[in-house]
Amino acid sequence: MLTHTYIFDRYSDAKEAVSALEASKISPAFISLVGRGGDDLMSLHAYAPGEQIAPVNPSGLLEALGLMVIPGAGPLAVGGWLAAGIAARGTTGQAVVETLQAAGHSASDAETLAEALHRGASVVAVRANATRSAEVQALLTAAGGVDPEKRGAAYRDNGWTGFDPDAKPYTSEEVFDERMRYRAAA
């Protein structure tokens, strides 16, 4: 299995990607979503550190999302195998990096994905076999997903040197500014 994880500047785009993946018959068991959910966070179950993440709802990942607070990223909507891995490692910023590396991402991509969460973005991760790999990548891209290598290069061009698990989460204003920076560049 290959793992494809893309960054979404808007949570609504990440949800759209999950819906498109499920509509293409990718099992919710192979899809994960982690990100700032805006007003959606108010209706989610709050997971305590170390609490078992509920199994994916057979009717869809979006109906099984919970809430996890990760230092450095803040409150996040979480669901799927990626969320379970983060919870098992202690719901910290470093746990995000370790879980992504365990899923097959390079250290550089894992740090970029964790930094994207820190900056208010969302990530969608999908496990797919080689025969569906191109289809998964196309669906993620069509929904507005950005490859972590591309976003990591943009972060580094703006002075970023690596993920800091002790950094404070971005404020709403900083998240807005960050989204506008990359929307303008698109």
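The values are calculated or read from the model by the stated rules, or taken from the named source; none is laboratory data. The structure presented is a predicted model; accordingly, all values stated were derived computationally and were not measured. Methodologically, a virtual Cβ is constructed for each residue, glycine included, from the backbone with ideal geometry; neighbour enumeration extends over all protein chains shown. Heavy atoms of the whole protein, side chains included, go into the accessibility calculation; ligands, DNA and RNA do not. Shrake-Rupley method; radii C 1.70, N 1.55, O 1.52, S 1.80 Å.
Go through (1) closer than 28 Å to D177 by Cβ; (2) buried (at least 17 other Cβ atoms within 10 Å of the Cβ); (3) modelled with pLDDT under 85 for A64 and report which single condition fails.
All conditions pass for A64, except number (1).
Any idea which of (1) touching a strand residue (DSSP E or B) at 6+ places or on another chain (Cβ under 8 Å); (2) within 28 Å of K25 (Cα to Cα) is the one T91 doesn't satisfy?
(2)
I'd like to know if segment 29-47 contains one or more residues that are in contact with a Leu (Cβ under 7 Å, 6 or more places away or on another chain), within 18 Å of A121 (Cβ to Cβ), among the basic types (K, R) and at pLDDT 85 or above.
So far as segment 29-47 goes, no, none of its residues is in contact with a Leu (Cβ under 7 Å, 6 or more places away or on another chain), within 18 Å of A121 (Cβ to Cβ), among the basic types (K, R) and at pLDDT 85 or above.
List the number of the failed condition for L139; all other conditions in (1) touching a Phe, Trp or Tyr at 6+ places or on another chain (Cβ under 8 Å); (2) in a helix (DSSP H, G or I) hold.
Here L139 clears every test but (1).
Can you tell me how many residues within segment 1-40 are open to solvent by 30 Å² or more (accessible area, probe 1.4 Å), among the aliphatic types (A, V, I, L, M) and part of a helix (DSSP H, G or I)?
3
Yes or no, residue by residue, for (1) surrounded by fewer than 17 Cβ atoms within 10 Å (Cβ to Cβ); (2) hydroxyl-bearing (S, T, Y); (3) closer than 12 Å to V34 by Cβ:
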{"site": "E98", "(1), (2), (3)": "no, no, no"}
{"site": "A102", "(1), (2), (3)": "yes, no, no"}
{"site": "S106", "(1), (2), (3)": "yes, yes, no"}
{"site": "D109", "(1), (2), (3)": "no, no, no"}
{"site": "T112", "(1), (2), (3)": "no, yes, no"}
{"site": "A116", "(1), (2), (3)": "no, no, yes"}
{"site": "R132", "(1), (2), (3)": "no, no, no"}
